[in-house]
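Engineer: If you scroll down you'll find the structure; I have some questions about it.
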Amino acid sequence: MNIDRRRFLSQTTKFVSAASCYGVFPTLHHSSALAQSATTKTPASSAKPQLALTMDDPTLKLNSTMYWQDANARILKAIGSRNVRAALFVCGMRVDESDGAKLISAWDQAGHLIANHSYSHLFYAEQTSYSDFAVDFLKNEKIIAPYRNRVALFRYPFLKEGDTAEKRDKFRALLRERGYRVGHVTIDASDWYVNQRLLHRWETAPATKVDAYRDYLIAHLLDRAAFYRQLAIDVLERDVRHTLLVHFNTLNALVLPDVMNAFESAGWQWIDASLAFEDPIFQRQPMIVPAGESLIWALAKESGRFTERLRYPGEDGEYEEPKMKGLGL
Ligand SMILES: [Zn+2]
């Protein structure tokens, strides 16, 4: 997916325009886990900033020496040690065999949300029609249907929500019709790229220690979290409950406990994903084209006030490459 992401990104249009916001999402259906908490308060400005872990693209093929069973156990143990519930965004094609059900079941039984990340991970821009994207989204419903903690949250692959206003709005209408909300990311990052470089290094230097990659990953995630937190405060004049995007991969399986520790040391508080998604910010639908990126990025873009702070795409490996090369990673 990562190589694909870069290739697709190079094909996407760079034009972005601002517009005004509208509307509110309907209430969620099939989402008892989201409805459990009664509070809809947002954190006070003096409180610790809060974030939930959201993990995308669980897979049976890690392209490394680690088996999915080991990765899954490590990741679930790390999250469980904080006594919080995460959200797992499942892309069907990566888990569509019997072992895939075992992988997802482990998350479901631990109480984590099971959500829809499409079947084929299509890039919703000029190369993908509305109808193809819609069919692919619906195809994935059967993958996550069996699970108790399934919720009607959809996360767009690559965080790309349509390259025209028509395609953007048609798919948003379909989500509404199906009772879905968008499982937005507020803190986007390029964890997948750090993992990709580590795996590549291991091909020629299998004894390479993970430490320096872990340190880079942690610094990168904390940096992006600080950026999106401040941007949210500047755009919305309040702290929001954040959703951090990380991926199901070898590096995260090895270092997730350190990542979670580092956020706590930096003053963040881990919360349940169901609680995070109750923040009213997740009802916003930024009217930008192309649509997508971090929700905070999109709202900032829509406001028209923060152009100098918004690169496009919001995050990508190309931004990390020179820094990692400079460090010999
Ligand atoms: Zn994905």
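Engineer: Under 6 Å between Cβ atoms, which residue pairs at least 6 apart in sequence (or on different chains) link something in the range 201-222 that is closer than 20 Å to residue 264 by Cα and at pLDDT below 95 with a partner that is open to solvent by less than 30 Å² (accessible area, probe 1.4 Å) and in a helix (DSSP H, G or I)?
Structural biologist: Here the result reads none, with nothing in the range 201-222 linked to a residue that is open to solvent by less than 30 Å² (accessible area, probe 1.4 Å) and in a helix (DSSP H, G or I).
Engineer: Among the residues of the range 187-200, which ones are out of contact with any strand residue (DSSP E or B) (no Cβ under 9 Å at 6 or more places or on another chain) and either at pLDDT below 95 or not in a helix (DSSP H, G or I) (or both)? Give the derivation first.
Structural biologist: Step one: filter the range 187-200 for residues out of contact with any strand residue (DSSP E or B) (no Cβ under 9 Å at 6 or more places or on another chain), giving 190, 193-194, 196-200.
Of everything in the range 187-200, just one residue is out of contact with any strand residue (DSSP E or B) (no Cβ under 9 Å at 6 or more places or on another chain) and either at pLDDT below 95 or not in a helix (DSSP H, G or I) (or both), namely 190.
Engineer: Separate question: For the range 93-104, check the following and say yes or no: at least one residue is open to solvent by 30 Å² or more (accessible area, probe 1.4 Å), among the aliphatic types (A, V, I, L, M) and at pLDDT 95 or above. Spell out the reasoning first.
Structural biologist: Within the range 93-104, the first condition is being open to solvent by 30 Å² or more (accessible area, probe 1.4 Å), and the residues that meet it are 93-94, 96-99, 101-102.
When the remaining residues are screened for being among the aliphatic types (A, V, I, L, M), the result is 93, 101.
Right, trim to at pLDDT 95 or above and you get 93, 101.
Taking every residue of the range 93-104 in turn, at least one turns out to be open to solvent by 30 Å² or more (accessible area, probe 1.4 Å), among the aliphatic types (A, V, I, L, M) and at pLDDT 95 or above.
Engineer: Checking residue 61 against (1) surrounded by 13 or more Cβ atoms within 10 Å (Cβ to Cβ); (2) farther than 30 Å from residue 226 by Cβ; (3) at pLDDT 95 or above, which single condition isn't satisfied?
Structural biologist: (1)
Engineer: Still on this structure, I have one more. Could you please give the count of residues in the range 60-92 that are within 16 Å of the ligand (Cβ to nearest atom) and in contact with a His (Cβ under 9 Å, 6 or more places away or on another chain)?
Structural biologist: Number satisfying all stated conditions: 7.
Engineer: Could you tell me how many of the residues in the range 248-272 are surrounded by fewer than 20 Cβ atoms within 10 Å (Cβ to Cβ) and within 16 Å of the ligand (Cβ to nearest atom)?
Structural biologist: Qualifying residue count for the region: 0.
Engineer: So, one more: Looking only at residues that are of a type in the set (D, E, K, R) and open to solvent by 30 Å² or more (accessible area, probe 1.4 Å) in the range 142-160, which one is farthest from the ligand (Cβ to nearest atom)? I'd like the intermediate steps shown before the answer.
Structural biologist: We begin by selecting, within the range 142-160, every residue of a type in the set (D, E, K, R); these are 142, 148, 150, 155, 160.
Going one step further and asking which of them are open to solvent by 30 Å² or more (accessible area, probe 1.4 Å), we end up with 142, 148, 150.
Numbers: 142: 19, 148: 23, 150: 18 Å.
Restricting to residues being of a type in the set (D, E, K, R) and open to solvent by 30 Å² or more (accessible area, probe 1.4 Å), the top hit is 148.
Engineer: Right, next: Those residues that are without any contact (Cβ under 8 Å) to a residue 40 or more places away in the chain, closer than 16 Å to residue 56 by Cα and not in a helix (DSSP H, G or I), I need them from the range 101-151; list them, please.
Structural biologist: Result: 114, 118, 119, 120, 122.
Engineer: Select, from 163, 215, 223, the only residue that is assigned to a loop (DSSP other than H, G, I, E, B) and either among the charged types (D, E, K, R) or within 16 Å of the ligand (Cβ to nearest atom) (or both). Break it down into steps so the answer makes sense when it comes.
Structural biologist: Details: 215 fails: assigned to a loop (DSSP other than H, G, I, E, B); 223 fails: assigned to a loop (DSSP other than H, G, I, E, B).
Just a single option satisfies the conditions, and that option is 163.
Engineer: Being modelled with pLDDT of 95 or more and open to solvent by 10 Å² or more (accessible area, probe 1.4 Å) is true for just one of 51, 113, 122. Which residue is that?
Structural biologist: On the way: 51 fails: open to solvent by 10 Å² or more (accessible area, probe 1.4 Å); 113 fails: open to solvent by 10 Å² or more (accessible area, probe 1.4 Å).
Just one listed residue meets the conditions, 122.
Engineer: Step by step: first the residues of the range 275-329, then only those that are assigned to a helix (DSSP H, G or I) and aromatic (Phe, Trp, Tyr), then the one that is surrounded by the fewest Cβ atoms within 10 Å (Cβ to Cβ). Which residue is that? Working first, answer last.
Structural biologist: In the first step, residues of the range 275-329 are kept if they are assigned to a helix (DSSP H, G or I); the result is 275-276, 280-283, 295-303, 307-309, 317-326.
Those left that are additionally aromatic (Phe, Trp, Tyr): 282, 297, 319.
Details: 282: 19, 297: 29, 319: 14.
If we take residues in the range 275-329 being assigned to a helix (DSSP H, G or I) and aromatic (Phe, Trp, Tyr), then 319 is surrounded by the fewest Cβ atoms within 10 Å (Cβ to Cβ).
Engineer: Checking residue 246 against (1) farther than 27 Å from residue 114 by Cβ; (2) in contact with a Ser or Thr (Cβ under 9 Å, 6 or more places away or on another chain), only one condition comes out false. Which one?
Structural biologist: (1)
Engineer: Pull out all pairs, ordered by first then second residue, where Cβ-Cβ is under 6 Å, the residues are six or more apart or on different chains, the first lies in the range 287-304 and is over 11 Å from residue 185 (Cα atoms), and the second is assigned to a helix (DSSP H, G or I) and not acidic (Asp, Glu).
Structural biologist: Going by the 6 Å Cβ cut-off, the qualifying pairs are 288/298; 288/301; 289/165; 291/168; 299/235; 300/231; 300/235; 303/235.
Engineer: So if I check each of 215, 188, 223, 211, which one is closer than 30 Å to residue 49 by Cα, open to solvent by less than 50 Å² (accessible area, probe 1.4 Å) and among the acidic types (Asp, Glu)?
Structural biologist: From the options 215, 188, 223, 211, the qualifying one is 188.
Engineer: Could you please find all residues in the range 186-209 being aliphatic (A, V, I, L, M) and over 21 Å from residue 295 (Cα atoms)? Full working, then the answer.
Structural biologist: So in the range 186-209, the residues aliphatic (A, V, I, L, M) come out as 187, 189, 194, 198-199, 205, 207.
Hits for the range 186-209 are 194, 198, 199, 205, 207.
The values are calculated or read from the model by the stated rules, or taken from the named source; none is laboratory data. Predicted, not measured: the structure shown is a model, and the values here were computed from it. Backbone-built Cβ (ideal geometry, glycine too); neighbour counts: all protein chains shown. Note: areas computed on protein heavy atoms with side chains; ligands, DNA, RNA excluded. Shrake-Rupley method; radii C 1.70, N 1.55, O 1.52, S 1.80 Å.
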